[in-house]
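Colleague: Would you mind keeping the following structure in view while I ask a few things?
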Amino acid sequence: MMTHEDYKDASVVDQTPTNNLAVKIQHKLEWHVESFKVQIRRSRAPGKGTASTTTQTTKTILQKVAGCAVSGELTAILGPSGAGKTTLLECISLRNRNFDGCVQYDGQAPEGRFFTLSAFVHQADMLYGFLTPREHLTFHAIARMSGGSRTAARGLPEPGASQTSRGQSWQAEKMSSESMARRVEEVIATVKLEKCADTLIGGSDPVFNVKGISGGERKRLTIATELLQTNEIIFLDEPSSGLDSVMSESIFQTLKDLTTQGRIVIATVHCPSSKTYHLFSNLILLTCDGRLAYSGPAAQALSYFQAALGIECPQHYNPADFVLELVSAEPGVPLQEELRRMDALSLAYAQSFMKIQNPLPADDKHKALHDVRGQGASDWVFFKLNLWRGGLQLARDRITLILWAAVSALIGALFGVLYWQLAASNWRNLMGLIFSAVVGNVFTGCLGVVMRFPMEWTLVVREFSSGANAVGPYMIARFFTTLPLSYGPVLMSSIIYWCTGMDPDAGTYLIFVLIFVSFNWSCFSLGQWISSFSANPLVAMTIMPGFVTPMIMFSGLLIERSSVPVWLAWIEDVSVVNYAFDTLMAQQMHILPGNQGEVVQQFIQFNPRKMGWNVGMLWILTAAFQVLTYVNLRVRLRASRSVK
Ligand SMILES: Nc1ncnc2c1ncn2[C@@H]1O[C@H](COP(=O)(O)OP(=O)(O)OP(=O)(O)O)[C@@H](O)[C@H]1O
């Protein structure tokens, strides 16, 4: 029987039936995760006569997990739920560097460009639902490959290049649009997406929730995105989760095919079918408490367990089920007993001839490693790409477009009915109308944004950190593609204006609409900023009142300005409600009968001469919120690339 060391050093061919192209082993990824620990807080509920307590303990997720993978291999990480498969994958891919141990690539500590050479496919696929797979891949092809600034995979041929170029170091050239389009078609064919290449992705997109391509096709598309560039190593976290066994087999067959091009493919997998199991070249089996029960050729796992432990896999039994049952804690059996069984399994492996003889020394060089992925395209190309994608979103998200128009018209009509031709009747009606229109708009302006953006940020931060997008161009393009939505406040303010009987002068009307739209933009930008530091819409919704309420309180109407404590007066200076309310009142006060305009002006202490200043402040605050959002996104990008 081949030992792990023999296998590791086998320098020539992978002879699995699916791999008819004999691949010379070129690259080797080795790891030794001595331990991965997390701090957890345990709370004990109060009992009879005892108070509740919280203690902090250290939980060890992984222990002494060493292994290696070489070019041309499909390595599967198997283990029961919670065994630490994802954690191990994150450690060996250096996406999580907070472990004790060591990773080496081709015998050396990985450099920053390791992140360029390797791709990580997350379990949860995040895709823009309003694009088709072909459009999605085109976006990523242009974003990642048009600049040529990223160092491409060493030793792998550029798409279309001959086999003889393999083994040479090469720098990605600027790819022409034709070769990028060709690459997109190649990748579509590789992952067998031809049938749905022009169907909308749809699915669970937060913005565009329509039925689209199937779950398996989504997985294929996520994998295809990483295949656009010829990465040397592909890490995949549960690429078949949520799929039936046939779909899962076809995903793994695709992964197997990828190894024939000289890649190292490492995937975590939950419970593969027997057919899928036979596609694995290498198996890493984790016990339920995160230790190694086996690491070596998948084809020899059963004979290892028979030889080392005397446990035989029954005939016609799925080998994956057999090994998984070995390393899982059986329900109903006391945990201590099961943990003793895991001890025996990991000890047997540690003492066997299969184990890695000279595991890497534990060092922590990887902790200082910086993710140096650059960006693929130029800022200008990124801007155009984001503009294109944002435009498609706008055009295809018809339901939102219609709803936005309907809600704006409805709210406008409500004001119109309630204040029908009453704006000029007396100061109380005018003030009530303008104040409630402004306050209502803070909520409509912010709410839609905080509900949508937190999910979108998660998606784009993933793009930023993989070099497939850039923060500045994204933000600017997002601004332009959201600009057409201004038809909402234009519609609402126009209905309010004419129904309530404000100044019939066309110029005054246009200025009123301009102020209203500017105010709406400042609210939108405030919502963007709030959502940029919120993990999800729920958090954003929870903290939103913390920003909006002070803006309303400091609008100039609800408290005598001179009564505001000096140390709180600054809130008035950043209150968009204050600027909008003052400006709209100043603009319309002349329609009031008699001297009511002056009376109301003294009452709420606004200066009609400062109208231009107020509108300017709305624009300045809009810009400030956009800049703050930009800063937050950059911080999130940095965090996503630093040691977890
Ligand atoms: N930051 C953390 N804090 C506390 N526990 C953690 C943390 N990260 C992981 N764990 C725990 O570590 C264990 C391994 O998690 P991991 O996601 O790697 O398991 P898995 O084998 O991939 O599971 P599944 O197959 O269910 O996805 C789990 O028990 C999980 O609860």
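Colleague: Students sometimes get this wrong: rank W380, W31, W498 by accessible area, probe 1.4 Å, all chains present, largest first.
Modeller: From most accessible down to least: W380, W498, W31.
Colleague: Further question: Rounded to a whole number of µm²/s, how large is the Stokes-Einstein D of region 56-154 at 20 °C and 1.002 mPa s, given Rh as the Kirkwood radius over C-alpha pairs?
Modeller: After rounding, the answer is 129 µm²/s.
Colleague: Leaving ligands, DNA and RNA out of it, work out the accessible area of I511 with a 1.4 Å probe and give it in Å² to the nearest 10.
Modeller: It works out to around 80 Å².
Colleague: How many nm is it between the label spots at N607 and R398, if each spot is 7 Å from the Cα in line with the beta carbon?
Modeller: So the two model labels end up 5.2 nm from each other.
Colleague: Counting only Cα, what are the radius of gyration and maximum Cα-Cα distance Dmax of the chain, in Å?
Modeller: Spelled out, the Cα radius of gyration and Dmax of the chain are 30.6, 103 Å.
Colleague: Testing the spin-label approximation: label points 7 Å from Cα along Cα→Cβ at S640 and E598. State their distance in nm.
Modeller: Output for this residue pair reads 6.0 nm.
Colleague: In the calculated pair distance distribution of region 407-641, what percentage of Cα-Cα distances lie above 24 Å?
Modeller: Across region 407-641, Cα pairs with separations above 24 Å total 47 percent.
Colleague: Can you list, largest first and rounded to whole Å, the semi-axes you get for region 545-586 by taking the square root of 5 times each eigenvalue of its Cα gyration tensor?
Modeller: For region 545-586, the semi-axes come out at 15, 13, 8 Å.
Colleague: Please report, in debye to the nearest 20, how large the charge dipole of the chain is about its Cα centre when each Lys and Arg carries +1 at its beta carbon and each Asp and Glu carries -1 there.
Modeller: About 700 debye.
Colleague: In square nanometres, what is one fourth of the surface area of the convex hull spanned by the alpha carbons of region 517-644?
Modeller: One quarter of the hull surface, i.e. the mean projection, equals 9.6 nm².
Colleague: Determine how large the accessible area of E249 is when every protein chain is in place; take a 1.4 Å probe and give Å² rounded to the nearest 10.
Modeller: Spelled out: E249, probe radius 1.4 Å, area about 40 Å².
Colleague: For labels at A409 and R340 in the simple 7 Å Cα→Cβ model, what's the distance in nm?
Modeller: Reported label-point gap for A409 and R340 is 7.6 nm.
Colleague: Additional query: In the chain, carbon and sulfur make up what percent of the accessible area (probe 1.4 Å)?
Modeller: Heavy-atom surface of the chain belonging to carbon and sulfur, 1.4 Å probe: 61 percent.
Colleague: In angstroms, what radius of gyration and Dmax does region 575-644 have, counting Cα atoms only?
Modeller: Using the Cα atoms of region 575-644, the pair Rg, Dmax is 19.6, 68 Å.
Colleague: Using a 1.4 angstrom probe with every protein chain in place, what is the largest-first accessible-area order of C271, C102?
Modeller: Reading off the accessible areas and sorting them downward yields C271, C102.
Colleague: In the chain, which helices (entire DSSP H runs) extend 20 Å or more along their own long axis, judged by Cα positions, while averaging at least 1.0 on the Kyte-Doolittle scale?
Modeller: Length and hydropathy pass: 398-418, 506-532, 537-553.
Colleague: Could you give the accessible area per residue of the chain, probe 1.4 Å, as a whole number in Å²? Don't skip to the answer; put the middle values down first.
Modeller: On the way: 27970 Å² over 644 residues.
On a per-residue basis, the chain sits at 43 Å².
Colleague: Tell me, what is the percent relative contact order of the chain, built from C-alpha pairs under 8 Å that lie six or more residues apart?
Modeller: Reported relative contact order: 15 percent.
Colleague: Work out how much length K384 to S562 would gain on full extension: take 0.36 nm times their residue separation and subtract the Cα-Cα distance, in nm to one decimal.
Modeller: Gain on extension, K384 to S562, equals 59.1 nm.
Colleague: Any idea what % of Cα-Cα pairs in region 439-485 are farther than 16 Å?
Modeller: Here the tail beyond 16 Å accounts for 50 percent of pairs.
Colleague: Could you state how much accessible area F305 has, in square angstrom rounded to the nearest 10, with a 1.4 Å probe and all protein chains kept in place?
Modeller: Ignoring ligands and nucleic acids, F305 comes out at about 0 Å².
Colleague: Also, quick follow-up: Evaluate Rg over Rh across region 500-548, taking Cα atoms for both radii and Kirkwood's formula for Rh.
Modeller: That ratio is 1.24, to two decimals.
Colleague: Under the rule a/c < 1.5 gives rounded, and otherwise a/b versus b/c splits prolate from oblate, where does region 442-568 land using the Cα gyration tensor? Could the numbers behind the result be given before it?
Modeller: Working: a/c = 2.55, a/b = 1.38, b/c = 1.85.
Since a/c reaches 1.5 but b/c is at least a/b, the shape of region 442-568 is classed as oblate.
Colleague: If DNA, RNA and ligands are ignored and the probe is 1.4 Å, what is the ranking of S555, S250 by accessible area, most exposed first?
Modeller: S250, S555
Colleague: Just want the answer: with Cβ charges of +1 for Lys and Arg and -1 for Asp and Glu, which residue in F606, A506, W521 is farthest toward the dipole's positive end in region 407-641?
Modeller: Farthest towards the positive pole: W521.
Colleague: State to the nearest 20 debye the size of the charge dipole of region 229-317 about its Cα centre, where the only charges are +1 on K and R beta carbons and -1 on D and E beta carbons.
Modeller: Here region 229-317 has a charge dipole of around 180 debye.
Colleague: If r is the Cβ-Cβ distance from R182 to S486 and R0 is 45 Å, what FRET efficiency results, to the nearest 0.05?
Modeller: Working from the Cβ atoms, E equals 0.65.
Colleague: Then there is this: Can you compute the charge dipole magnitude of region 407-641 about its Cα centre, using +1 on each Lys and Arg Cβ and -1 on each Asp and Glu Cβ, nothing else charged? Give it in debye, rounded to the nearest 20.
Modeller: Dipole about the Cα centre, nearest 20: 760 debye.
The values are calculated or read from the model by the stated rules, or taken from the named source; none is laboratory data. No experiment lies behind these values; they were computed from the predicted model shown. FYI the Cβ positions are ideal-geometry reconstructions off the backbone, even for glycines, and counts take in every protein chain you see. Note: areas computed on protein heavy atoms with side chains; ligands, DNA, RNA excluded. Shrake-Rupley method; radii C 1.70, N 1.55, O 1.52, S 1.80 Å.
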